[in-house]
1. Looking at Pro146, Pro122, Pro95, Pro150, can you tell me which residue is closer than 27 Å to Val38 by Cα, at pLDDT below 85 and surrounded by 12 or more Cβ atoms within 10 Å (Cβ to Cβ)?
2. Taking Gly33, is it at pLDDT 80 or above, exposed (fewer than 11 other Cβ atoms within 10 Å of the Cβ) and in a loop (DSSP other than H, G, I, E, B)?
3. Check off (1) modelled with pLDDT of 85 or more; (2) of a type in the set (Ser, Thr, Tyr); (3) over 19 Å from Val139 (Cβ atoms) for Ser127 and give me the number that stays unchecked.
4. Please work out which one of (1) of a type in the set (Val, Ile, Thr); (2) touching a strand residue (DSSP E or B) at 6+ places or on another chain (Cβ under 7 Å); (3) surrounded by fewer than 15 Cβ atoms within 10 Å (Cβ to Cβ) is the condition Val81 fails and give its number.
5. Do we find that Lys61 is basic (Lys, Arg) and farther than 26 Å from Pro148 by Cα in this structure?
6. Search the range 112-123 for residues that are of a type in the set (Lys, Arg) and pair each with any residue that is assigned to a loop (DSSP other than H, G, I, E, B) when their beta-carbon atoms are under 6 Å apart and the residues are at least 6 apart or on different chains.
7. Of (1) within 19 Å of the chain's Cα centre (by Cα); (2) exposed (fewer than 11 other Cβ atoms within 10 Å of the Cβ); (3) polar (S, T, N, Q); (4) at pLDDT 75 or above, Ser100 satisfies all except one. Which?
Amino acid sequence: MDNGGTIMPGFGCGKQEVDGIAEELQKRKVTRGNIAQVQMQENLMIEIIKLSVQMDQLAKKEGVKYPPTQQTMEEVFGQGVQAPLGWNLPITALPQGDGSGALQVMFPPGVSPGQSVLVQGPNGIFSVQAPMEVTPGMVIMVQPPPPPMPGTPTV
């Protein structure tokens, strides 16, 4: 090894071995980078969901109605400004606690009967349809979809 520290399987005569090892290491590096990127995105989504919950709590504590009415928007920003429709983030579902795997989903204000809402469960985000008798704060029990098969990309 007096060639500057280069490792040479087969005493430097195994170019195919060296190339194979280099290719395998490159694949592993790319795979680990992709996994790390997905984990960072998942962590970011968790933080966004936490922020959404904190915003809801703060708005409730301060008596801020969200989304604001069209009248409030025009009073603050002038004519022609449209009131936002509401949060576009998923609702966080809570485990039932009885071991059934069921989740509690609480509907926020502004959800219409039959409307589909995004719900964040333990295995990712899924859609739940609001019942026809939905009211703000109404809680329903849902069964989340099964976890994705290993190697299946998640959203």
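1. Just one listed residue meets the conditions, Pro95.
2. no
3. (3)
4. (2)
5. yes
6. So the pair list comes out empty.
7. Of everything listed in (1) within 19 Å of the chain's Cα centre (by Cα); (2) exposed (fewer than 11 other Cβ atoms within 10 Å of the Cβ); (3) polar (S, T, N, Q); (4) at pLDDT 75 or above, Ser100 misses just condition (1).
Residues checked against (1) hydroxyl-bearing (Ser, Thr, Tyr); (2) more than 14 Å from the chain's Cα centre (by Cα); (3) surrounded by fewer than 12 Cβ atoms within 10 Å (Cβ to Cβ); (4) assigned to a helix (DSSP H, G or I):
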site	(1), (2), (3), (4)
Ile49	no, no, no, yes
Met55	no, yes, no, yes
Met73	no, yes, no, yes
Gly110	no, yes, no, no
Ser127	yes, no, yes, no
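The values are calculated or read from the model by the stated rules, or taken from the named source; none is laboratory data. In this text the structure is predicted, and so the values were computed from the model without any measurement. Here Cβ is always computed from backbone atoms with ideal geometry, including for glycine, and neighbour counts include all displayed protein chains.
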